[in-house]
Amino acid sequence: MKGKLYGIGVGPGDSELMTVKAARIVGEADIIITPKTEKKDGSVALNIASPYIQEHTEIVPVVFPMVLDDATQEEGWQEAKRIILSYLDQGKSVVFLTLGDPMFYSTYMYVYRLIENTGHEIETIPGVTAFCAIGSHLGYPIVEKEEVLAIVPATAPKEKIDAVLAVADDAVIMKVYKNFDEVQETLIKHNMADDAVMISRVGLPDEQVYV
């Protein structure tokens, strides 16, 4: 019997924001794969899902190298594929946890592409994205009526961000992290700074709000 891979979005931080289906599948899983980098221990996604994990479930951390070197990155992906397939070939139900939604700026998308043609069944369970959680958390409408919403990563080329924001009514800027100064400058340039709000680690105990 072949196993099944589940990609599960655990949402932004609050365990209670996981969907009923996500919580059920996590509770039934044989194996839970938690992505990690070589420099960091622990997993935020695992902590979020922890209330639903049963004692029988095996937790398997898998390193995904966050490097620019293509060869090193490919080696890491292939090792991840080997580990996941080893459990699927045993007929195990394997859950891959990811923050937010699995199909939105997520490591899971790469895993999906690695496994999709191996003959194993895959099911992807959506999760609440951080920016949707922020809107609800602060009572801050993201977009309304005929407004145009732009979603851009702060790591994108500056000229591309400028081009998108020039035609957008509202914007969600992801991956701000080390790019705060550049993001602030860009928002001022496009007259968006006065209405901007930023949250770091929404729904987690160390959440920070900047307005």
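Which whole-number percentage describes the relative contact order of the chain, with Cα contacts under 8 Å and a sequence gap of 6 or more?
25 percent
With a sphere of radius 9 Å drawn around the Cβ of E147, what net charge do the other residues whose Cβ falls strictly inside it have (Lys, Arg +1; Asp, Glu -1)?
Values: positive: K145; negative: E144, E146, D169, D170.
With Lys, Arg at +1 and Asp, Glu at -1, the net is -3.
Kirkwood Rh over alpha-carbon pairs of the chain, then Stokes-Einstein at 37 °C and 0.692 mPa s: what D in µm² s⁻¹, rounded to an integer?
Details: Rh = 18.6 Å.
Roughly 176 µm²/s, to the nearest whole number.
For the chain, what does the helix formula give at 222 nm: sum of -39500 (n - 2.57) over DSSP H segments with n ≥ 4, over the residue count, nearest 500 deg cm²/dmol?
Per the formula, -9500 deg cm²/dmol.
Packing-wise, with mean Cβ within 10 Å as the measure, how do 130-139, 90-99 rank, highest first?
For the peptides 130-139, 90-99, the packing ranking is 90-99, 130-139.
Over segment 130-210, what is the mean sequence separation of C-alpha contacts under 8 Å (at least six apart), divided by residue count, expressed as relative contact order in percent? Could the numbers behind the result be given before it?
Working: 76 pairs, mean separation 19.7, N = 81.
Relative contact order comes out at 24 percent.
Evaluate E = 1/(1 + (r/R0)^6) for Q54 and I122, where r is the Cβ-Cβ distance and R0 equals 30 Å; express this FRET efficiency to the nearest 0.05. Provide the component values of the computation, followed by the final result.
Details: r = 22 Å, r/R0 = 0.73.
After rounding to 0.05, the efficiency reads 0.85.
Rounded, prolate or oblate: which one fits segment 130-210, using the alpha carbon gyration tensor with axes a ≥ b ≥ c (rounded when a/c is under 1.5, else prolate when a/b beats b/c, else oblate)? Kindly include the intermediate steps, with their values, before the conclusion.
Details: a/c = 1.93, a/b = 1.23, b/c = 1.57.
It comes out oblate by the Cα gyration axes.
Grab the Cα-Cα distance for Y210 and E185, subtract it from 0.36 nm times how many residues apart they are, and report the gain in nm with one decimal. Mind showing how you got there, number by number?
Details: separation 25, 0.36 × 25 = 9.00 nm, distance 1.55 nm.
Computed gain between Y210 and E185 is 7.5 nm.
Would you mind working out the magnitude of the charge dipole of segment 1-156 relative to its Cα centre, with +1 at each Lys and Arg C-beta and -1 at each Asp and Glu C-beta, to the nearest 20 Debye?
In total the dipole reaches around 200 debye.
Could you tell me the number of lysine pairs in the chain with C-alpha atoms less than 21 Å from each other, where the two lysines are 8 or more residues apart or belong to different chains?
24
Between segment 156-211 and segment 108-128, how far is it from one alpha carbon centroid to the other, in angstrom?
Using only Cα atoms, the two centres lie 30 Å from each other.
Readers should treat all values here as calculations from the given coordinates under stated rules, not as data from a laboratory. No experiment lies behind these values; they were computed from the predicted model shown. A quick note on method: Cβ atoms are made from the backbone with ideal geometry, for glycine too, and the neighbour counts reach across all protein chains shown.
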